[in-house]
Amino acid sequence: MPELARAAIDPDWITPLPPFQLADNLYYVGSRELASYLITTPAGNILINANLAGAPAQIRASVEQLGFPWQDTRILLDSQAHSDHVGGAAQVLEETHARLLAMAGDAEVLESGGHADFAWGDDITTGFAAAHVDRVLHDGEVVRLGERAHGGVALLAHRTGGHTRGCTTFSFRVHVPGEPAGRLREVVIVGGVAPLAHYRLLDRPGRPASYPGIAADFNRSFATLRALHGELFLGAHGSYFGLLDKVARLPSQGPQAFIDPQGYRDFVEGAQRRFQATLARR
């Protein structure tokens, strides 16, 4: 990321956080605020979010500290095609030869290095290295790696557009250490829920919406999020789900500190209320 943009970055975006386990095959490998997740399988691993340009070195160190080879990364996914979540994507692909899968609406932004972004495309400070998308996802598609009977995983990719056109929330089921062997929890990794300050949500004379249907996208996204059962509540930013407070409880509670269905419901309801208030003002 250019230095002009880097100067405004919250220090927590680039401050490492020791990696830790969330579920049998799910690990946190991001910073104190920009979340990145490793999902492991016998067929290789999935990485969600490459974060800022320069972040892959921190993510790789976390992955290897956990004992997993960086070269075993087979699939790279993203929550939203903004530079704080995909700025390092090209580097991850170069180092691991993983396949990049991205939601329609964000795939074009990734391949353009940010220039196709509806809100930031003309701002060079938000650009990033372009990354080739191997598979374009659509709402409700499944991302699979390996066979479930042999430790493979299947993630549902939900298009929760608005924050970006192809903003993506992932859901899947996991076993959390310390719980009965047959009990599975639904993980929800929220992609993004808020309009940025300069987004135009409605068509006005001489000021069209930032993209056609952006307000409808937000409303559909909230309906999608309400229909999910986020027991293990995660997101693209640590502040979505109280990351640092829950990390502080890890020594006493272990991964169960992140089981927070009420927190998930409160987050979605609060985000929707704020969106509706913003929509009414604009």
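Computed from the coordinates by the stated procedures, all read-outs in this text should not be read as laboratory data. All figures in this text were calculated on a predicted structure; none of them were measured in a lab. With ideal geometry, Cβ positions are generated from the backbone for all residues, glycine too; neighbour counts draw on all protein chains shown.
List of remarks:
- Residues D217, D24, ranked from the fewest to the most other C-beta atoms within 10 Å, line up as D24, D217.
- With each label modelled as a point 7 angstrom along the Cα→C-beta vector, the L196-D72 pair spans 3.6 nm.
- Rounded to 5, the percent of DSSP beta bridges in the stretch 3-281 classed as antiparallel: 70 percent
- Extension gain from A248 to A277, taking 0.36 nm per residue of separation minus the Cα-Cα distance: 7.1 nm
- Taken along its principal axes, the alpha carbon cloud of the stretch 3-281 reaches lengths of 58, 39, 35 Å, longest axis first.
- Extension gain for the segment H150 to H138, taken as residue separation times 0.36 nm less the Cα-Cα distance, is 1.7 nm to one decimal.
- Tilt relative to the chain, helix 243-253 - C-alpha long axis, 0 to 90 degrees, to 10: 20 degrees
- Ranked by how many other Cβ atoms sit within 10 Å of their own Cβ, fewest first, the residues I59, I259, I214 fall in the order I259, I214, I59.
- In units of the compact-protein estimate 2.2 N^0.38 Å, the stretch 14-118 shows a Cα radius of gyration of 1.00.
- Extension gain for A227-H97 works out to 43.3 nm (0.36 nm per residue, less the C-alpha to C-alpha distance).
- Exposure proxy ranking, count of Cβ atoms within 10 Å, fewest first, for T125, T168, T96: T125, T96, T168
- Whole-number D in µm²/s for the stretch 143-282 (Stokes-Einstein; Kirkwood sum over Cα pairs; 25 °C, 0.890 mPa s): 148 µm²/s
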